[in-house]
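The values are calculated or read from the model by the stated rules, or taken from the named source; none is laboratory data. Predicted model, so just to flag it, every value in this text is computed and none were measured. Virtual Cβ from ideal backbone geometry, glycine too; neighbours counted across all protein chains shown.
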Amino acid sequence: MRALYPGSFDPLTLGHLDLIERSARLFDGLVVAVLQNPGKQPCFPLEQRLEQIRKATAHLEGVEVGSFDGLTVNYARLCGAQVILRGLRAMSDFEFELQIAHTNKSLDPQMETLFLATAAHHSFLSSSVVKEVARFGGDVTPMVPAGVAVDLARLFNRASHHG
């Protein structure tokens, strides 16, 4: 069975990577797909986010990286996924994610949504928190894959070393 893990991944965090690694063990195939949201102005361009995910998941078998715009269920069908994977950090995520899951089910009754709880030590992590920390010169190395930390330092014009 194949799963789709959609998101903006701007940037990819260790919380995202934890979900990807755990899901890669659960499914025969996993597509990690960057949603191109015209309403959002991302820090990193699409190609860079795709490359960040490719590098961070290179050690995993059965993981593909792609991108899409439009409806998630349409892309899920297109890439042969039967399951849409979503991560939950806290109860605050649940209400929003459940609403989307119901919407997706109404659009495609065959499509299932699977929620995975984020590892407790990553529950505070979000892309927006990471960007704030990086913007103000904080150390993001415990929050993101190494390559992403370098990209964030470059983006916010900071040295990638600390001290």
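Side notes on the structure shown:
- Exactly one residue out of LEU125, LEU152, LEU116 is part of a helix (DSSP H, G or I) and touching a residue at least 40 places away in the same chain (Cβ under 8 Å), and it is LEU152.
- Set LEU71, LEU19, LEU60: member being more than 10 Å from the chain's Cα centre (by Cα) and closer than 26 Å to ASP108 by Cβ: LEU71
- Considering GLN82, GLN48, the condition of being under 24 Å from VAL150 (Cβ atoms), surrounded by 14 or more Cβ atoms within 10 Å (Cβ to Cβ) and not acidic (Asp, Glu) is satisfied by GLN48 alone.
- Matching option when the condition is among the aliphatic types (A, V, I, L, M), touching a strand residue (DSSP E or B) at 6+ places or on another chain (Cβ under 8 Å), part of a helix (DSSP H, G or I) and in contact (Cβ under 8 Å) with a residue 60 or more places away in the chain, among ALA101, ALA76: ALA76
- Applying the condition of being basic (Lys, Arg) and at pLDDT 95 or above to the range 74-92 and asking which residue is nearest to the chain's Cα centre (by Cα) yields ARG86.
- Conditions (1) assigned to a loop (DSSP other than H, G, I, E, B); (2) loosely packed, with under 12 Cβ neighbours inside 10 Å; number of the one not met by SER92: (1)
- Filter result (out of contact with any Cys (no Cβ under 6 Å at 6 or more places or on another chain), more than 22 Å from SER123 (Cβ to Cβ) and not acidic (Asp, Glu)) within the range 6-34: PHE27, GLY29, ALA33, VAL34
- Close pairs (7 angstrom Cβ cut-off, 6 or more residues apart or separate chains): more than 15 Å from SER23 (Cα to Cα) in the range 41-63, hydroxyl-bearing (Ser, Thr, Tyr) anywhere: PRO42/SER8; LEU46/SER67; LEU50/SER67
- Of all the listed residues (GLU95, GLU64), the sole one being at pLDDT 95 or above and of a type in the set (Asp, Glu) is GLU64.
- Enumeration of residues in the range 108-118 that are more than 19 Å from LEU19 (Cα to Cα) and either surrounded by 13 or more Cβ atoms within 10 Å (Cβ to Cβ) or modelled with pLDDT under 95 (or both): ASP108, MET111
- Residues of the range 127-146 classified as in contact with a Lys or Arg (Cβ under 8 Å, 6 or more places away or on another chain) and crowded, with 17+ Cβ neighbours inside 10 Å, total: 2
- Scan the range 95-106 for residues that are surrounded by 12 or more Cβ atoms within 10 Å (Cβ to Cβ) and not basic (Lys, Arg) and the total you get is 6.
- For the range 6-35, the set of residues classified as in a loop (DSSP other than H, G, I, E, B) and touching a residue at least 60 places away in the same chain (Cβ under 8 Å) consists of SER8, PHE9, ASP10, PRO11, LEU12, THR13, listed by residue number.
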